[in-house]
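As structure tokens, the structure follows; a few thoughts come after it.
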Amino acid sequence: MIEKPKHHLQTLPKGAWKRLKDLRDRQKRRRYLPIENNFQDSHINNESGTLLVPIAHTEDIPSIKGTGTIPKKPKYANLNPSCPVSRFRQLQFQRDLRIHPFTDTNVELGRNQKDIEVVEDIAKMPSDNESPETKPLNNNNTNGNGGSAPSKLKIQPKYSIHRDVLTHEVVIKQTGYAARDKSIPSSLRNCWQSWNFFALFTGVIPILQWLPQYSPRRDLPGDIIAGFTVAIMNIPHGMAYGILAGVSAGNGLYMAVFPVLAYMFLGTSKHISIGTFAVASMMTAKVVDTFANVDDHPHILPVNGSALLSNISTISPLQLLNSTLNVDPIRKTEVATSLALTVGIVNLLMAFLRLGTLSSLLSEPLVNGFTTAAACHVVTAQLKDVLGISVPRHKGAFKIIYTVIDVIKGVPQTNLVNFGFCVAVIVFMMICNEILKPRLSKICRFPLPAELIMVIGGTLISKWFNLYAEYNVNPVGNIPRGLPEPALPRLDLVPKVAVDSIAIAIVTYSIIMSMGLTFAKKHGYEVRPNQELFAMGIGNMVGGCFSCIPMACSLSRSVIQDQTGGVSQIASLVSASLVIVTLIWIGPFFSSLPRCVLAGVIIVALKPMFMQAKELKKFSKQGKLEMFTWISTFLCVVVIDIDIGLLIGICISLLALYIKGLKPYSCLLGYMPEAPGIYMDLNQHRNAMQVPEVRIFRYSGSLNFATSLFFRRALYEAVGLDKIPLTKVSSSNSNSPSKGSKSSYSPVSQNGGKAINGKLEETSGAFKVLVLDFSMLGHIDVAGCRTLTDLSKELKVRGARLLLASPVDRVYDTLVHSMALSEGPFEIFPTLHDCVEYANACRTA
């Protein structure tokens, strides 16, 4: 047993004696290892060869429970202490225990095993008045109460490698490396060998992959509950967003059936709710208002035995003239269905061209700012229904400004009953969402259907009080009973809406992918981008044949579907079935629903999109380019228009991406005195030391014709190449001290200077070897190789050499190919440490 000396009680940290006792126990176990049993061998390389040393025994000697003491020496143990292997292992363990740099206490063994002396390594213990800048960033020595937690004993193995410095050519020959064959016949042969019809068939129809693993007993109850919940939300959302898109409420309800069924078979996400979305509906409304010149049909409502035209106030004189003269009438539903068909074609072309990664070009600040600005357009479009006034629709740039001006002018004609009803709907929805739903979620799994309650209640109030006839409150209009008959959209409108369909296809795809990846990361499955494009293409084309608008996914419905227990797209099947029942039997019941109710539902549903503005603070911390992208996209979409603002935002996002790629990361590297072979950034690590007469320059990114100028400029600025005279630098003029002096290993400053006699002096820039660390270089072209050739010639004139370290295989292939084209020659090494050791050998030779 180890006894605690009294004079060490104040100096040792808490738990140190327990760790010392554990070290002692492990030492005794290793001392009594039997020789005749099996060992695990450890290879220790040295100059003479390889020695196999036993390092672990297959059976551990357990300690006595509760005391931690070691039992008596087993009878089968080898009692001969002169065994060379056991003696070598004992000495090695005692030496490592005494001098290991990562131990917080050093133990020396005396002649008596019970005499243990604890020596505090003061030089390696951090002082209390240590500067915060010198403390590590991952310092976890404080517990939750702010006190000092006991540090754990860390014993890490050491290793030593003794071999010759290798060049990259030697490594290539020894490893049998062969460049990848990039010829067309080889690509076709590899494609044919990897062809698997069954995998291709199941990949195109993903339901064949997850449906056999579906457990009705385990998964079906959650999908049924989620399907019911999503259907309850789909009914008011479908009608509201259908009217927002410029078509009827029935067209919005159709969105919850046909595209959903197509995506269930072909989509790879299991939790998103396909259907209508505010941004997609708003972009569709812009196209519908541009090309449609005739309404679908007058919404006839029976009121006291007479027929009234519910939308006569919204028909412009030009539309009345066109409908009268019947000059190429284009109805709104025809434009919407042709747009859905065109968006589907664009999605299929993107899937065929493997453009699934195109959504990554839409950065998070761009999507965030665009959706927030689109929410402003949606709210502006609902103001006329909130106030109950008639406002002409504007087209083109600055239409939101003209709409706001017209709404302000029409405020004196506000329908007070309509306005009061809408305010009551908004207040009721806010109370349900902010107060009732959070409390009921703790009691019941089924969420409060506030939207459906408001829609049913608004319909009943409108019927009982006859709001349309008595108070001129505009209703939704006629909702046809049953499902629409399949019909091919007008193909002559496809060229007209082709340009707008590209923007809608990109935006809806980015929304679906972002939501799909979020739920896939949460539940641990894969969402394939190109398959999502294929599913969207088929879904939009099917929807276009059944009077649907371009599809997207809803954030609120997807979250509810996940929270209520949905595990697959079977929940979407349940939801679509309930919507079909609503269309067949209950659809005409909602014909008298006031439009102001749907306007209130839309405004409340847009709250999460407006709350995205809080993310601007996060983007400002990420960088100025992110903040500029968000602000510019938001202002351009709000002030100008949706499509023009989106185009400007994409251009700014790509410009920001180009600026970041044009100025990649570069730095000078220094070595760690405690661990040779590890090189750190001199700008960030102040105690790193510069290799004498050697400059190590790390460059990340790509080196091509676009970035070669920045590469040269960053290299000149880092190493001061332009300050070296055009004559060979002698050792007396270099910045290295005389042989045997240790001042060359003094710490360097952030700009490469070093401390001499307590004063910081800048380096003159003279060096003999320049090492380029290409471990983070992803691509290089012939123009980049030509830049390296010019640099090598310039260094040779100044008496220095150029060495390249650790390029990846594709970069090495390009370098070899460029040397065949009379570039170079380049001296290439497989690792940075090989390159530095070779440079030191050449420097001291």
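The values are calculated or read from the model by the stated rules, or taken from the named source; none is laboratory data. Computed from a predicted model, the values in this text were never measured in an experiment. Methodologically, a virtual Cβ is constructed for each residue, glycine included, from the backbone with ideal geometry; neighbour enumeration extends over all protein chains shown. The area values use the complete protein model at the heavy-atom level, side chains included, leaving out ligands, DNA and RNA. Shrake-Rupley method; radii C 1.70, N 1.55, O 1.52, S 1.80 Å.
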Test: residue in the stretch 378-398 that is modelled with pLDDT under 90, open to solvent by less than 10 Å² (accessible area, probe 1.4 Å) and under 23 Å from the mean Cα position of the chain (by Cα): no
Filter result for VAL579 (open to solvent by less than 20 Å² (accessible area, probe 1.4 Å) and under 21 Å from LEU220 (Cβ atoms)): yes
Subset of the stretch 334-347 [under 14 Å from ASP492 (Cα atoms) and surrounded by fewer than 24 Cβ atoms within 10 Å (Cβ to Cβ)]: GLU334
Any hit, the stretch 661-669, residues being open to solvent by less than 30 Å² (accessible area, probe 1.4 Å) and at pLDDT below 85: yes
Residue among ILE405, ILE401 that is closer than 22 Å to ALA278 by Cβ and surrounded by fewer than 21 Cβ atoms within 10 Å (Cβ to Cβ): ILE401
Subset of the stretch 559-596 (residues that are in a helix (DSSP H, G or I), over 38 Å from the mean Cα position of the chain (by Cα) and within 30 Å of LEU383 (Cα to Cα)): THR582, LEU583, ILE586, GLY587, PRO588, PHE589, PHE590, SER591, SER592, ARG595, CYS596
Criterion: at pLDDT 90 or above, over 24 Å from LYS522 (Cα atoms) and open to solvent by 20 Å² or more (accessible area, probe 1.4 Å) - qualifying residue of PHE265, PHE258: PHE258
Residue count for the stretch 433-448, restricted to those that are within 23 Å of LEU593 (Cβ to Cβ) and not in a loop (DSSP other than H, G, I, E, B): 3
Flag if MET430 is assigned to a helix (DSSP H, G or I) and open to solvent by 20 Å² or more (accessible area, probe 1.4 Å): yes
Test: residue in the stretch 457-471 that is within 19 Å of LEU244 (Cβ to Cβ) and of a type in the set (A, V, I, L, M): no
Search result, residues across the stretch 197-214 that are out of contact with any Lys or Arg (no Cβ under 9 Å at 6 or more places or on another chain) and open to solvent by less than 30 Å² (accessible area, probe 1.4 Å): THR202, ILE207
MET627 closer than 30 Å to LEU387 by Cβ, assigned to a helix (DSSP H, G or I) and touching a residue at least 60 places away in the same chain (Cβ under 8 Å): no
Residue check, SER547 assigned to a loop (DSSP other than H, G, I, E, B), of a type outside the set (Val, Ile, Thr) and at pLDDT 90 or above: yes
Residue list for the stretch 508-532, restricted to those being touching a strand residue (DSSP E or B) at 6+ places or on another chain (Cβ under 9 Å) and open to solvent by 10 Å² or more (accessible area, probe 1.4 Å): ILE511, MET515
Filter result for ILE504 (open to solvent by 30 Å² or more (accessible area, probe 1.4 Å) and either more than 30 Å from PHE589 (Cβ to Cβ) or at pLDDT below 90 (or both)): no
Selection status of SER390, more than 22 Å from ILE644 (Cβ to Cβ), small (Gly, Ala, Ser) and in contact (Cβ under 8 Å) with a residue 24 or more places away in the chain: yes
Qualifying residue in the stretch 507-529 (condition: more than 28 Å from the chain's Cα centre (by Cα) and in contact (Cβ under 8 Å) with a residue 40 or more places away in the chain): no
Residue in the stretch 396-409 that is in a helix (DSSP H, G or I), polar (S, T, N, Q) and over 30 Å from CYS553 (Cβ atoms) present: no
Count of the stretch 476-499 residues which are over 24 Å from SER273 (Cα atoms) and either open to solvent by less than 80 Å² (accessible area, probe 1.4 Å) or hydrophobic (A, V, I, L, M, F, W, C) (or both): 14
Residue within the stretch 469-477 that is under 30 Å from VAL638 (Cβ atoms) and part of a helix (DSSP H, G or I) present: no
Residues being among the aromatic types (Phe, Trp, Tyr) and open to solvent by 40 Å² or more (accessible area, probe 1.4 Å) - total across the stretch 582-633: 4
PHE767 crowded, with 16+ Cβ neighbours inside 10 Å, touching a strand residue (DSSP E or B) at 6+ places or on another chain (Cβ under 7 Å), modelled with pLDDT of 90 or more and over 17 Å from PHE711 (Cα atoms): no
